[in-house]
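Q: My questions all concern the structure below.
The values are calculated or read from the model by the stated rules, or taken from the named source; none is laboratory data. Just so we're clear, the structure is a prediction, and the values are computed from it rather than from any experiment. No Cβ is skipped: glycine too gets one built from the backbone with ideal geometry, and neighbour counts run over all protein chains shown.
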Amino acid sequence: MQLGAFSISLTVKDLAASKTFYENLGFETSGKVEDNWLIMKNDHIIIGLFHGMFDKNMLTFNPGWDQDANTLGDFEDIRDLQKKLLAEGLKLLTQAEEGSGPASIILEDPDGNPILMDQHV
């Protein structure tokens, strides 16, 4: 199963304070503060900072992207991943609609940790 780029999405109380903290650890910033999110990158390590968007921290996979957010020429579409996960008997909290292009699904691991699979291409 090809899950694409990996990051952790953190829910933060103060976006500016979190931005400064991770910049002090050597992360570079991209994103939109005005939209209440930032992507922080240090080499191939990616952390998403989100204010008011999620209830919990979550693992995030981006099918169709490499760690630099470049579109992969060949990747497993989110809908194909969804079919495989459902065939394995996994419960999805949200499902992607049929079609093509951007879509996402959310599931939880056995400990209740949310996993977002978010395809942007």
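Q: Could you give me the residue pairs with C-beta distances under 6 Å whose first residue belongs to region 94-110 and is without any contact (Cβ under 8 Å) to a residue 24 or more places away in the chain, whose second residue is surrounded by 11 or more Cβ atoms within 10 Å (Cβ to Cβ) and part of a loop (DSSP other than H, G, I, E, B) wherever it lies, and which are 6+ apart or on separate chains?
A: Partner pairs satisfying both residue conditions: Pro102/His120; Leu107/Leu90.
Q: Looking only at region 50-85, filter to residues that are of a type in the set (A, V, I, L, M) and surrounded by 14 or more Cβ atoms within 10 Å (Cβ to Cβ); which one of those is nearest to Lys32 (Cα to Cα)?
A: This residue is Ala69.
Q: Restricting attention to region 19-31, which residues are β-branched (Val, Ile, Thr) and outside any strand (DSSP E or B)?
A: Answer for region 19-31, where residues must be β-branched (Val, Ile, Thr) and outside any strand (DSSP E or B): just Thr20.
Q: Among the numbered criteria (1) within 22 Å of Gln2 (Cα to Cα); (2) among the aromatic types (Phe, Trp, Tyr); (3) free of Cβ contacts under 8 Å to residues at least 24 places away in the same chain, which one does Phe21 miss?
A: (1)
Q: Got a sec? Which of Asn24, Asn42 is exposed (fewer than 11 other Cβ atoms within 10 Å of the Cβ), of a type in the set (S, T, N, Q) and either out of contact with any His (no Cβ under 7 Å at 6 or more places or on another chain) or at pLDDT 95 or above (or both)?
A: Only one candidate qualifies: Asn24.
Q: Being of a type outside the set (D, E, K, R) and assigned to a helix (DSSP H, G or I) is the filter here; which residues of region 32-41 pass it?
A: Val33, the sole residue that qualifies.
Q: Would you confirm whether or not region 7-14 contains a residue that is surrounded by fewer than 19 Cβ atoms within 10 Å (Cβ to Cβ), out of contact with any Cys (no Cβ under 7 Å at 6 or more places or on another chain) and modelled with pLDDT under 95?
A: For region 7-14, residues surrounded by fewer than 19 Cβ atoms within 10 Å (Cβ to Cβ), out of contact with any Cys (no Cβ under 7 Å at 6 or more places or on another chain) and modelled with pLDDT under 95: absent.
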